[in-house]
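Participant: Mind having a look at this structure? Questions to follow.
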Amino acid sequence: MYNLIVLASRPNDWTHEQFIEWWRGEHAEVTYPLPGLLRWQHTELLESFDEKSSGWDGMSILSFESREALDAALASPEWKAAVENVGTMRGRRMIWYGEEQTMVPLAPAVE
């Protein structure tokens, strides 16, 4: 699996709640159609361990089958629409991509 990881913070004039609602609502609607998107996990960041890591509101991990599938998604009109939806929001973001390696698999639920 190949992941695109986005760490983002809201614009100064938005509340944390507004930003999360936009990200999981309006922005999600234009992100869902990305070609080749296998999984999307979003984490609302509520607390940080230290001052160096504070000031971020959320993190998304978008998963694709391969680097080629991610590249195809990034070249698509659907990606262009998602970027346009972000527009001139004025928040901060950092973006990485790389190959996923499962270190501890998800344990089955205990009944």
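Participant: Within the stretch 83-107, take every residue that is in contact (Cβ under 8 Å) with a residue 24 or more places away in the chain and of a type in the set (Gly, Ala, Ser) and give me the one that is farthest from Ile5 (Cα to Cα).
Facilitator: In this case the residue turns out to be Gly91.
Participant: Separate question: For the stretch 67-97, what are the residues that are small (Gly, Ala, Ser) and closer than 14 Å to Leu34 by Cβ?
Facilitator: Within the stretch 67-97, the first condition is being small (Gly, Ala, Ser), and the residues that meet it are 69, 72-73, 75-76, 81-82, 87, 91.
Those that are small (Gly, Ala, Ser) and closer than 14 Å to Leu34 by Cβ: Ala69, Ala72, Ala73, Ala75, Ser76, Ala81, Ala82.
Participant: Are there any pairs, at least 6 apart or on different chains, whose C-beta atoms fall under 9 Å, with the first in the stretch 23-44 and assigned to a strand (DSSP E or B) and the second at pLDDT 95 or above and of a type in the set (Phe, Trp, Tyr), and if so, which?
Facilitator: Listed by first residue and then by second, the contacts come to Arg39/Phe64; Trp40/Tyr32; His42/Trp23; Glu44/Trp23.
Participant: Could I ask something else about it? Would you check if Leu70 is crowded, with 16+ Cβ neighbours inside 10 Å and in a loop (DSSP other than H, G, I, E, B)?
Facilitator: No.
Participant: Could we say that Gly55 is assigned to a loop (DSSP other than H, G, I, E, B), closer than 19 Å to Gly98 by Cβ and not charged (D, E, K, R) here?
Facilitator: no
Participant: Then there's this: What's the number of the condition Lys80 fails, among (1) charged (D, E, K, R); (2) open to solvent by 30 Å² or more (accessible area, probe 1.4 Å); (3) touching a residue at least 40 places away in the same chain (Cβ under 8 Å)?
Facilitator: (3)
Participant: From the residues in the stretch 28-61 that are within 14 Å of Ala8 (Cα to Cα) and in contact with a helix residue (DSSP H, G or I) (Cβ under 8 Å, 6 or more places away or on another chain), which one is most open to solvent (accessible area, probe 1.4 Å)?
Facilitator: So, considering only residues that are within 14 Å of Ala8 (Cα to Cα) and in contact with a helix residue (DSSP H, G or I) (Cβ under 8 Å, 6 or more places away or on another chain), the one most open to solvent (accessible area, probe 1.4 Å) is Glu44.
Each row is one residue, and each column tells you yes or no for (1) assigned to a strand (DSSP E or B); (2) at pLDDT 95 or above; (3) under 30 Å from Pro105 (Cβ atoms); (4) under 12 Å from the mean Cα position of the chain (by Cα).
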position: Asn12; (1), (2), (3), (4): no, no, no, no
position: Phe49; (1), (2), (3), (4): no, no, yes, no
position: Leu62; (1), (2), (3), (4): yes, yes, yes, yes
position: Asn85; (1), (2), (3), (4): no, no, no, no
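The values are calculated or read from the model by the stated rules, or taken from the named source; none is laboratory data. Quick caveat, the model's predicted, so the values are computed rather than measured. Note that we place each Cβ from the backbone using ideal geometry, even for glycine, and neighbour counts take in every protein chain shown. Surface accessibility is based on the protein's heavy atoms, side chains included, excluding ligands, DNA and RNA. Shrake-Rupley method; radii C 1.70, N 1.55, O 1.52, S 1.80 Å.
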